[in-house]
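Undergrad: So that we are looking at the same thing, I have put the structure below in structure tokens.
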Amino acid sequence: MKLNNLKPAEGSVKKEKKRIGRGEGSGKGGTSTKGHKGAQSRAGYSQKRGHEGGQMPLQRRIPKFGFKNISRIEYNGINLDTLQGLIESKKLNAVDTATLIESGLVSKNDRVKILGRGELKAKVDVKAHAFSASAKAAIEAKGGVATVIQK
């Protein structure tokens, strides 16, 4: 151990906050570390989001692309295996949107589409906004009815 190796313990010494604008004698008076003139030296200045100091901002350098279809209808997909689990747990013979909302699978304003993953083991009548071809075939193969409802 030598005198030139001595250091205070980690975290024991805190850096003093720079007290700016407290007179010339402090060494941080005058312009208060803001330099001379320009927007950044003025009171109330705040840089706009995305400003890059005169360089073309990223959101303007990157080209626009894509398209958002305002007529698109979003469906919340429910697969047959999920439906089968619901039928077994609640001993149902008919499933509609109210049942799905009650079980927490969809929310009140969702449109429901029944999808074909998995298989049904029981005859069940299903009411939903849309069905995939494989789901409709699977429901009707077990003797159930797939009814499309309008929202």
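Undergrad: Could you tell me the calculated FRET efficiency between SER46 and GLU16, based on Cβ-Cβ distance and R0 = 25 angstrom, to the nearest 0.05? Spell out each step's value before the answer.
TA: Numbers: r = 27 Å, r/R0 = 1.06.
Rounded to the nearest 0.05, the efficiency is 0.40.
Undergrad: Sort 51-60, 26-35, 112-121 for me by packing, meaning the mean count of neighbouring Cβ atoms within 10 Å per residue, highest on top.
TA: 112-121, 26-35, 51-60
Undergrad: If you add up the charges near TYR75, with Lys and Arg at +1 and Asp and Glu at -1, over every other residue whose beta carbon is less than 12 angstrom from its beta carbon, what do you get?
TA: Numbers: positive: ARG72, ARG111, LYS113, LYS151; negative: GLU74, ASP110.
Net local charge, TYR75 excluded: +2.
Undergrad: Among LYS123, LYS108, LYS18, which one shows the biggest mean-square fluctuation in a GNM of the chain, springs joining Cα atoms closer than 10 Å?
TA: Most flexible of the set in this elastic network: LYS18.
Undergrad: Can you compute the FRET efficiency between PHE65 and SER132 using 1/(1 + (r/R0)^6), with r the Cβ-Cβ distance and R0 = 35 Å? Round to the nearest 0.05.
TA: Working: r = 30 Å, r/R0 = 0.86.
E(calc), rounded to 0.05, equals 0.70.
Undergrad: Another question, then. Take the Cα radius of gyration of the chain and divide it by 2.2 N^0.38 Å, with N its residue count; two decimals is plenty. Working shown, then result.
TA: Values: Rg = 33.4 Å, N = 151, 2.2 N^0.38 = 14.8 Å.
Ratio of Rg to 2.2 N^0.38 Å for the chain: 2.25.
Any read-out appearing in this document is the output of simple, stated calculations on the displayed coordinates, not a laboratory observation. Please read all numbers here as calculations on a predicted model, not as lab measurements. So basically every Cβ, Gly included, is an ideal-geometry build from the backbone, and we count neighbours across all protein chains shown.
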